[in-house]
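Working notes for the structure below.
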Amino acid sequence: MWVLSTERAELTFFATPESVPGGYAILSHVWDETEQTFQDIKLLHSRNAPADCNPRDFASSKVRNFCVLAESHGYQWAWIDTCCIDKASSAELSEAINSMFQYYALADVCYAYLRDVPSQDYVEGESSDFRSSLWHKRGWTLQELVAPETVVFLSSEWKALGTKCDLAFLLEGITSVPASILRMEAELTSVSIAARMSWAADRNTTRPEDQAYCLMGIFKIHMPLLYGEGPQAFRRLQDEIMKQHIDTSILAWGPIYQPRPHRDNPKKPVHDHSEETYLFASSPSAFRGCTGRRAIIPNRSSGDASRQVSEADTMGIPVPSMTDLATIPTFTNTPYGVLAHIPIIEAHDLIIAPLFCCNYGRQLGLLLARCPNAIDPARPLYHICFRFRDSRFESRLIDLGSSFATFQLNGKRVTAQWKSVYLADRPPSTPPPTRVPMNRSMFTPFRLPRAHLRDLERHWDVQPLCRGGIPGRLWNGLISFSFSPRQPVAGGLPSQTFTIYLGRCAEGVTLGAHWVRVTFKAHNAPPDQHNRDASNGAHDCSLAHVRDWPALTKTFSTPGRTLSVQLTFVPCHLNPDATLVLSINAGGSIRSPT
């Protein structure tokens, strides 16, 4: 690792943190818009400066003040992530990020510089600047809080505000990290995977990949950095955690359904393949509110007849012999999904996989739904998620009661059998973009900007159709877009679908007026006569011709105005006389392009 000499801010390399003589101080901070880099520090010392000049005096104020403070406290060496990593080297960057937790854990002292907290701040006040500091909201500062034994918080004037030990209970309220962890009275591994994930639920990173990379040390995971993979990095982190831990709380994220005793609630599986229906979460935010979720895996002494008994040993599952590993759930990654060997409950028209996990003492199970689109009928693939009529939200998990001797569902005892099932673990890493044939030709009568389409697809499943081939100079076919709400319904959008039909009025070779028609129908309902007429190009010229609309804008609504769709057109810069660019605002919840 590279460290700075506190006296002159010169970079020196040591093979390991332990080999830094006399130890080192380390800085935790929120990055400013511009920071001094490894190359900048090197450049300071390559200049021909007078012998009596100290290069530290020409360093940035943050680097300079950090070195001065560390030197005044007796430290010869200091480390800061902005300029002690040569980020021009991908190998060095990867090593540093994989070692970051260790760098902070082995430091003699960590100074946490809070640029937005003045020295006179009363940190324990209800509205203190300390409580609202950005430092508490950054992804990377979580491990910088947890790893070091000594953390000294500094004000914007570099004055000490207190240590994490002194402020442990205040910090627990701000960050959800237990005071016992901050005071080093409990080991990090004593906290469940789900609870540790929940600490990062409200933290932000500049790049999506860093949501995973900043947590590697929290879970003692080492893995390659692949900037550009986006949210896939967080799923890869979960996969690595599952390879090394049997803590099933990593799967216990999302809403929990509380069945009403002695009542069989109507329900149906969710087959929309949304992110919530997969085994792995897409980001740490999915673990918000999971601090009370922990695993209760059976604990046995291998080869010892006097086995160790845990809560899960009396959960009502037939227990195989001591040497049979079926007493512990296993998860194996395959190209088809995660092959899980787990107990399965089939009761009340539900398929439930008990997780060996509890939420504040109540057992949890995964709600499984067989995927109708699985490519291999001989190997059923299951998604996670159910919708119950008496609940406003889809649920991934279900409460199985407070007794660890039996499973309870709707007030009745149910049993489980060990089975091997495939679970859909993650959506495709790079889903193909929606193809819009009408955008490909210069002479198309209509165009829908791709950026606007992506905006629409946040809330709607969009299916475009172009009859008559790619629109060209003499094209008189029909273009339609059907919009179905994604589940769960976002922003309170009504469960209705609508279809936009676009075409040119005249038949033959004459280019006629641009016309548009919009039809509505209930989600999953068969098409009515209006839909069938529109799909054949039928329209009322007095109502459907775009050039007759004021400002080329018109709003279409369902009866009762439960859903409104506003269409706006502007001439295309590429072909202003013949091509109109479409923007769509549905229900007022989707932003139109500017």
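The values are calculated or read from the model by the stated rules, or taken from the named source; none is laboratory data. All values reported here derive from a predicted model rather than from experimental measurement. When we count neighbours, we look across all protein chains shown, and the Cβ atoms used for this are built from the backbone with ideal geometry, even at glycine.
Mind counting the residues in the range 255-291 that are at pLDDT 85 or above and in a loop (DSSP other than H, G, I, E, B)?
The qualifying residues number 12.
Yes/no per residue for (1) of a type in the set (Gly, Ala, Ser); (2) closer than 19 Å to Ser480 by Cβ; (3) free of Cβ contacts under 8 Å to residues at least 12 places away in the same chain:
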{"residue": "Lys419", "(1), (2), (3)": "no, no, no"}
{"residue": "Asn439", "(1), (2), (3)": "no, yes, yes"}
{"residue": "Phe443", "(1), (2), (3)": "no, no, no"}
{"residue": "Arg447", "(1), (2), (3)": "no, yes, no"}
{"residue": "Leu453", "(1), (2), (3)": "no, yes, no"}
{"residue": "Glu457", "(1), (2), (3)": "no, yes, no"}
{"residue": "Asp461", "(1), (2), (3)": "no, yes, no"}
{"residue": "Pro464", "(1), (2), (3)": "no, yes, no"}
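What do you reckon, is Ala78 modelled with pLDDT of 95 or more and touching a strand residue (DSSP E or B) at 6+ places or on another chain (Cβ under 6 Å)?
So Ala78 passes the test.
Results for (1) modelled with pLDDT of 85 or more; (2) in contact with a strand residue (DSSP E or B) (Cβ under 9 Å, 6 or more places away or on another chain); (3) surrounded by 17 or more Cβ atoms within 10 Å (Cβ to Cβ); (4) not assigned by TED's automatic domain parsing to the domain that holds Phe481, shown as yes or no for each residue.
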residue: His514; (1), (2), (3), (4): yes, yes, yes, no
residue: Pro527; (1), (2), (3), (4): no, yes, no, no
residue: Asp548; (1), (2), (3), (4): yes, no, no, no
residue: Lys554; (1), (2), (3), (4): yes, yes, yes, no
residue: Gly560; (1), (2), (3), (4): no, no, no, no
residue: Leu580; (1), (2), (3), (4): yes, yes, yes, no
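Residue by residue through the range 1-43, note down the ones that are farther than 22 Å from Trp140 by Cβ, surrounded by fewer than 16 Cβ atoms within 10 Å (Cβ to Cβ) and either hydrophobic (A, V, I, L, M, F, W, C) or not assigned by TED's automatic domain parsing to the domain that holds Ser60 (or both).
Phe13, Phe14, Ala15, Leu43
For the range 405-415, give me each residue that is under 32 Å from the mean Cα position of the chain (by Cα) and either aliphatic (A, V, I, L, M) or in a loop (DSSP other than H, G, I, E, B) (or both).
Leu409
Pairs, please: C-beta under 6 Å, at least 6 apart or cross-chain, first residue farther than 18 Å from Cys165 by Cβ and crowded, with 22+ Cβ neighbours inside 10 Å and in the range 105-121, second of a type outside the set (Gly, Ala, Ser) and modelled with pLDDT of 95 or more?
From residues that are farther than 18 Å from Cys165 by Cβ and crowded, with 22+ Cβ neighbours inside 10 Å, the pairs are Val117/Asp129; Val117/Phe130.
Among (1) modelled with pLDDT of 85 or more; (2) exposed (fewer than 13 other Cβ atoms within 10 Å of the Cβ); (3) under 36 Å from the mean Cα position of the chain (by Cα), there is one condition Leu543 misses while meeting the rest; what is its number?
For Leu543, the failing item is (3).
Restricting attention to the range 181-209, which residues are among the basic types (Lys, Arg) and buried (at least 23 other Cβ atoms within 10 Å of the Cβ)?
The one that is among the basic types (Lys, Arg) and buried (at least 23 other Cβ atoms within 10 Å of the Cβ): Arg196.
Quick one: which strands (runs of 3 or more DSSP E) sit completely within the range 341-385 and have at least 1 residues that are at positive phi?
Fully inside the range 341-385 and qualifying: 350-359.
Exactly one condition in (1) touching a residue at least 40 places away in the same chain (Cβ under 8 Å); (2) part of a loop (DSSP other than H, G, I, E, B); (3) more than 13 Å from the chain's Cα centre (by Cα) is not met by Asp202; state its number.
Unmet condition: (3).
Given Ala200, Ala194, which one is touching a Ser or Thr at 6+ places or on another chain (Cβ under 8 Å), at pLDDT 95 or above and outside the structural domain of Phe130 (by TED's automatic domain parsing)?
Answer to the selection: Ala194.
So, Pro428, is that one modelled with pLDDT under 80, closer than 30 Å to Gly365 by Cα and exposed (fewer than 13 other Cβ atoms within 10 Å of the Cβ) or not?
Working: modelled with pLDDT under 80: yes; closer than 30 Å to Gly365 by Cα: yes; exposed (fewer than 13 other Cβ atoms within 10 Å of the Cβ): yes.
Taking the combined requirement at face value, the residue satisfies it.
Restricted to the range 147-176, and to residues that are under 28 Å from the mean Cα position of the chain (by Cα) and crowded, with 23+ Cβ neighbours inside 10 Å, which residue is farthest from Ser133 (Cα to Cα)?
Restricting to residues being under 28 Å from the mean Cα position of the chain (by Cα) and crowded, with 23+ Cβ neighbours inside 10 Å, the top hit is Pro148.
Evaluate the range 54-77: report whether one residue or more is closer than 19 Å to Thr141 by Cα, in contact (Cβ under 8 Å) with a residue 12 or more places away in the chain, under 33 Å from the mean Cα position of the chain (by Cα) and surrounded by fewer than 20 Cβ atoms within 10 Å (Cβ to Cβ).
The answer is no, given that none of the residues of the range 54-77 is closer than 19 Å to Thr141 by Cα, in contact (Cβ under 8 Å) with a residue 12 or more places away in the chain, under 33 Å from the mean Cα position of the chain (by Cα) and surrounded by fewer than 20 Cβ atoms within 10 Å (Cβ to Cβ).
Can you name the residue in the range 331-340 that is touching a residue at least 40 places away in the same chain (Cβ under 8 Å) and in a strand (DSSP E or B) and is also surrounded by the fewest Cβ atoms within 10 Å (Cβ to Cβ) among such residues? Steps first, answer last, please.
Narrowing the range 331-340 to residues touching a residue at least 40 places away in the same chain (Cβ under 8 Å): 331, 333-334, 336-340.
In the following step, the residues that additionally are in a strand (DSSP E or B) were identified as 331, 333-334, 337-340.
On the way: Phe331: 19, Asn333: 12, Thr334: 10, Gly337: 22, Val338: 22, Leu339: 15, Ala340: 23.
Here the residue is Thr334.
Got a sec? Which of Leu478, Leu448, Leu409, Leu456 is buried (at least 16 other Cβ atoms within 10 Å of the Cβ), modelled with pLDDT under 90 and within 26 Å of Lys521 (Cα to Cα)?
Leu478
Given the criterion modelled with pLDDT of 95 or more, of a type in the set (A, V, I, L, M), assigned by TED's automatic domain parsing to the domain that holds Asp116 and in contact with a helix residue (DSSP H, G or I) (Cβ under 9 Å, 6 or more places away or on another chain), identify the matching residue among Ile241, Ile181, Ile218.
On inspection, the qualifying residue turns out to be Ile181.
Out of (1) assigned to a loop (DSSP other than H, G, I, E, B); (2) among the hydrophobic types (A, V, I, L, M, F, W, C); (3) modelled with pLDDT under 90, what's the single condition that is false for Ala326?
Of (1) assigned to a loop (DSSP other than H, G, I, E, B); (2) among the hydrophobic types (A, V, I, L, M, F, W, C); (3) modelled with pLDDT under 90, only one is false for Ala326: (1).
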